[in-house]
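Undergrad: Would you mind keeping the following structure in view while I ask a few things?
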Amino acid sequence: MAYSKELIDHYENPRNVGSMEDDAGDVGTGLVGAPACGDVMKLQIKVNPEGIIEDAKFKTFGCGSAIASSSLVTEWVKGKTVDEAGEIKNTDIAEELALPPVKIHCSVLAEDAIKAAIDDYKGKTGQTDTDAVGESQDAAE
Amino acid sequence: MTANTWTQNNPLYLDYQATTPTDPRVVESMVPFWSEKFGNPHSRNHRFGWEAEDAVEIARGQVADIIGASPKEIIFTSGATESNNLAIKGVAKFYGDKRNHIITCVTEHKCVLEACRALQGDGFDVTYLHVKENGLIDLDELKAAITDKTLLVSIMAVNNEIGVIQPLKEIGALCRENKVFFHTDAAQAVGKIPLDVDEMNIDMLSISGHKIYGPMGIGAMYIRRKPRVRLVPLIHGGGQERGMRSGTLPTPLVVGLGKACELAKKEMAAEAERLREFQRRLYEGLQQRIPEIFLNGDLESRIPGNLNISFAYVEGEGLMMGIKDLAVSSGSACTSASLEPSYVLRALGVEEELAHTSLRLGLGRFTTEDDIDYAIERIAKEVNRLRDLSPLWDMAQAGIDLKSIKWAEH
């Protein structure tokens with residue numbers, strides 16, 4: 001299987017690897033996937049008072065596509081508002097990394113991770129706008 | 001070749017259970033039989049046929065020799081998949097009206113499992129024995145499974161994923177005692193461990209050319225004459241191979257398989273000793289450099305050219321992508337749409353999360369000590385890099401029991 005240059009670059013030089021303080025009020029954490037399924041993503045966002053995502057960190061257990069997908073979304077969410085970040089679609093991720101069909105689930109998981117992180121952040125700050133926490137549109141799994 | 005020449009485009013081959021390179025001495029032995037001595041070994045009327053037939057019969061003897069059989073008990077096939085199908089279906093078809101029960105094991109190669117599955121569709125009963133945590137069958141379980149309807153026991157000699165050696169002699173004795181045929185898929189065993197069909201009471205045995213430094217597309221099958229095993233052929237035609245496998249024999253491939261057996265027999269003892277030392281060096285080297293790794297399958301009852309290791313908290317396919325200069329195989333099947341990890345590892349009771357972190361490392365005739373050291377270095381570096389990326393590793397280090405988390409299975 002030939003992977004795209006973009007995917008390999010994210011796998012070999014993952015961006016924004018790390019962790020932030022789970023308990024901090026301005027940090028939202030999303031932990032999605034399952035070890036038994038072979039992929040787990042932890043994505044964290046740090047949101048400033050203006051509602052802009054200032055920083056994002058990830059850690060991923062999974063194949064190269066899963067690592068690259070999560071690395072990519074940390075780049076994408078930075079500088080976006082929470083609601084804008086919630087608009088990121090798995091199809092955009094899959095397209096950017098040219099994921100092969102059997103790897104589409106990795107992009108779905110990355111989208112789920114963003115939404116879970118946003119959900120967590122909103123829960124902490126008392127926002128219950130659940131509309132932004134829609135189910136992933138792709139039911140490939 | 002020195003270690004530092006390995007690259008993504010010229011990777012170090014550590015996948016000897018998938019296939020082996022054809023030994024140059026084997027290739028050399030085949031050369032005359034393409035264009036020069038090209039005769040049909042079944043042509044009885046001229047010199048071309050005779051010299052091809054002579055070569056085929058020498059090869060038949062070489063194949064017989066490595067398993068302690070008589071040349072008359074060997075037929076050539078296209079490979080172990082065909083041999084396994086012929087053994088199981090052929091015997092089932094011949095004797096099926098009297099006895100319709102077959103015993104095999106959950107960790108068999110797919111071709112054995114699927115052949116048995118097909119027979120179930122034809123009304124056969126099949127018992128799939130479980131394996132113990134070390135990958136070996138439980139002889140008491142086998143004994144208990146045998147009934148007066150049992151026709152055949154088919155248990156592989158050496159497992160292709162975890163390299164464990166089943167207790168062939170004990171299985172054979174049990175089968176003989178109960179007058180049940182014993183077939184063994186020995187694709188991964190021939191040339192790796194000593195085999196003797198009489199001592200082990202084996203009635204049928206499958207051999208693959210390309211797993212023993214011979215050519216692809218050729219295999220063989222041992223079929224006992226005393227007491228005689230009869231079977232219905234899968235391929236009908238001109239009645240070659242004593243009617244059990246029609247079709248013109250591919251003389252060059254047959255000669256290559258014979259030569260491969262001759263070399264394997266001659267070099268087996270020294271080769272096993274050399275690889276045993278490499279296996280130890282690799283396993284210990286990895287253990288020293290990487291904490292929390294787990295060997296799958298028994299270490300003692302195992303061919304020396306195999307290790308199958310789970311690198312906890314690092315997904316196998318992700319790991320392979322980082323070690324593209326090593327040609328290895330993953331116990332994770334994440335490339336398939338199913339996302340199911342190896343059924344062999346699952347059968348040992350390896351948990352799914354650990355099965356996803358497994359690599360199969362296969363060593364063989366052209367592996368060097370430098371290769372082993374190179375592989376240790378590369379795998380250790382990449383596992384440690386990916387653990388730094390792994391949320392599971394973080395959690396484990398923080399003392400969180402991963403089983404206490406409610407994961408959303410997807």
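The values are calculated or read from the model by the stated rules, or taken from the named source; none is laboratory data. As the structure is a computational prediction, the values presented were derived from the model and not from experiment. Heads up, the Cβs are rebuilt from the backbone with ideal geometry, glycines too, and the neighbour counts pull from every protein chain shown. Heavy atoms of the whole protein, side chains included, go into the accessibility calculation; ligands, DNA and RNA do not. Shrake-Rupley method; radii C 1.70, N 1.55, O 1.52, S 1.80 Å.
Undergrad: Pull up segment B:57-90, narrow it to residues that are open to solvent by less than 10 Å² (accessible area, probe 1.4 Å) and either over 22 Å from the mean Cα position of the chain (by Cα) or of a type in the set (Ser, Thr, Tyr) (or both), then point me to the one that is farthest from B:Leu253 (Cα to Cα).
TA: Taking the candidates together, the pick is B:Ser83.
Undergrad: Which condition number does B:Tyr313 fail, the rest of (1) without any contact (Cβ under 8 Å) to a residue 40 or more places away in the chain; (2) within 11 Å of another protein chain (Cβ to nearest Cβ); (3) farther than 25 Å from B:Thr5 by Cβ being met?
TA: Of the numbered conditions (1) without any contact (Cβ under 8 Å) to a residue 40 or more places away in the chain; (2) within 11 Å of another protein chain (Cβ to nearest Cβ); (3) farther than 25 Å from B:Thr5 by Cβ, the odd one out for B:Tyr313 is (1).
Undergrad: Moving on. What's the number of the condition A:Asp112 fails, among (1) outside any loop (DSSP other than H, G, I, E, B); (2) of a type outside the set (A, V, I, L, M, F, W, C); (3) at pLDDT 95 or above; (4) open to solvent by 70 Å² or more (accessible area, probe 1.4 Å)?
TA: (4)
Undergrad: Further question: Of the residues A:Lys103, A:Lys42, A:Lys57, which single one is under 23 Å from B:Leu386 (Cα atoms) and touching a Leu at 6+ places or on another chain (Cβ under 6 Å)? Give the derivation first.
TA: On the way: A:Lys103 fails: touching a Leu at 6+ places or on another chain (Cβ under 6 Å); A:Lys57 fails: touching a Leu at 6+ places or on another chain (Cβ under 6 Å).
The unique qualifying residue is A:Lys42.
Undergrad: Tell me, please, whether a residue that is over 19 Å from A:Asp83 (Cα atoms) and touching a residue at least 12 places away in the same chain (Cβ under 8 Å) can be found in segment A:49-56.
TA: no
Undergrad: Has segment B:230-248 got at least one residue that is open to solvent by less than 10 Å² (accessible area, probe 1.4 Å) and not polar (S, T, N, Q)? So that I can check it myself, show each step before the final result.
TA: Here is the first cut: in segment B:230-248, the ones open to solvent by less than 10 Å² (accessible area, probe 1.4 Å) are B:246.
Next cut, not polar (S, T, N, Q) only: none.
No; the residues of segment B:230-248 include none that is open to solvent by less than 10 Å² (accessible area, probe 1.4 Å) and not polar (S, T, N, Q).
Undergrad: Those residues that are touching a residue at least 12 places away in the same chain (Cβ under 8 Å) and surrounded by fewer than 23 Cβ atoms within 10 Å (Cβ to Cβ), I need them from segment B:42-54; list them, please. Walk me through how you get there before you give the answer.
TA: Our first condition is that a residue be touching a residue at least 12 places away in the same chain (Cβ under 8 Å); within segment B:42-54, this holds for B:42, B:51-53.
Listed by number, the residues that qualify are B:His42, B:Glu51, B:Glu53.
Undergrad: What are the pairs with Cβ atoms under 7 angstrom where one residue, in segment B:92-116, is open to solvent by less than 20 Å² (accessible area, probe 1.4 Å) and the other, located anywhere, is of a type in the set (Lys, Arg)? Sequence gap at least six, or different chains.
TA: B:His101/B:Lys149; B:Ala115/B:Lys89
Undergrad: Go through segment B:384-408 residue by residue and tally those that are within 9 Å of chain A (Cβ to nearest Cβ), farther than 11 Å from A:Phe61 by Cβ and either open to solvent by less than 80 Å² (accessible area, probe 1.4 Å) or in contact (Cβ under 8 Å) with a residue 12 or more places away in the chain (or both).
TA: 3
Undergrad: Then there's this: Evaluate the following for B:Ile212: is it part of a loop (DSSP other than H, G, I, E, B), surrounded by 23 or more Cβ atoms within 10 Å (Cβ to Cβ), in contact (Cβ under 8 Å) with a residue 40 or more places away in the chain and β-branched (Val, Ile, Thr)?
TA: Taking the combined requirement at face value, the residue satisfies it.
Undergrad: In addition: B:Leu253 passes all but one of (1) open to solvent by 20 Å² or more (accessible area, probe 1.4 Å); (2) hydrophobic (A, V, I, L, M, F, W, C); (3) farther than 14 Å from B:Val56 by Cα; which number fails?
TA: (3)
Undergrad: Tell me which residues, restricted to segment A:75-101, are open to solvent by 50 Å² or more (accessible area, probe 1.4 Å) and part of a helix (DSSP H, G or I).
TA: Hits for segment A:75-101 are A:Glu75, A:Trp76, A:Asp83, A:Glu84, A:Thr91, A:Asp92, A:Glu95, A:Glu96, A:Pro101.
Per-residue answers, yes or no, for (1) among the small types (Gly, Ala, Ser); (2) more than 21 Å from B:Lys37 (Cα to Cα):
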site	(1), (2)
B:Glu51	no, no
B:Glu57	no, no
B:Lys89	no, yes
B:Gly96	yes, yes
B:Thr104	no, yes
B:His109	no, yes
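Undergrad: To continue, here is another question. Which pairs do you get when a residue that is within 9 Å of chain B (Cβ to nearest Cβ), found in segment A:102-118, comes within reach of a residue that is open to solvent by 10 Å² or more (accessible area, probe 1.4 Å) and of a type in the set (A, V, I, L, M), reach meaning Cβ atoms under 8 angstrom, with the pair 6+ apart or on two chains?
TA: A:Val102/B:Ala337; A:Lys103/A:Ala94; A:His105/A:Ala140; A:His105/B:Leu339; A:Val108/A:Ala140; A:Leu109/A:Val32; A:Asp112/A:Val32
Undergrad: Collect the residues in segment B:287-304 that are open to solvent by 20 Å² or more (accessible area, probe 1.4 Å) and closer than 16 Å to B:Ala189 by Cα, keeping them in residue-number order.
TA: Matches in segment B:287-304: B:Asp298, B:Leu299, B:Glu300, B:Ser301.
Undergrad: Give the residues of segment A:1-13 that are at the interface with chain B (Cβ under 10 Å from one of its Cβ atoms), at pLDDT 95 or above and surrounded by fewer than 21 Cβ atoms within 10 Å (Cβ to Cβ), sorted by residue number.
TA: Taking segment A:1-13 as the starting set, the residues that turn out to be at the interface with chain B (Cβ under 10 Å from one of its Cβ atoms) are A:1, A:3, A:7-8, A:11-12.
Now restrict to residues that are at pLDDT 95 or above: A:7-8, A:11-12.
Across segment A:1-13, the qualifying residues are A:Ile8, A:Glu12.
Undergrad: Among the candidates A:Gly51, A:Gly18, A:Gly38, which residue alone is facing chain B (nearest Cβ under 10 Å), at positive phi, modelled with pLDDT under 95 and open to solvent by less than 50 Å² (accessible area, probe 1.4 Å)?
TA: A:Gly38
Undergrad: Another question, then. Kindly indicate which of B:Gly322, B:Gly364 is away from chain A (no Cβ under 14 Å) and not aliphatic (A, V, I, L, M).
TA: B:Gly364
Undergrad: Please go through segment B:128-141 and give me each residue that is in contact with a helix residue (DSSP H, G or I) (Cβ under 6 Å, 6 or more places away or on another chain) and open to solvent by less than 40 Å² (accessible area, probe 1.4 Å), ordered by number. Walk me through it before giving the result.
TA: Taking segment B:128-141 and keeping what is in contact with a helix residue (DSSP H, G or I) (Cβ under 6 Å, 6 or more places away or on another chain), we get B:129, B:131, B:139.
Hits for segment B:128-141 are B:Leu129, B:Val131.
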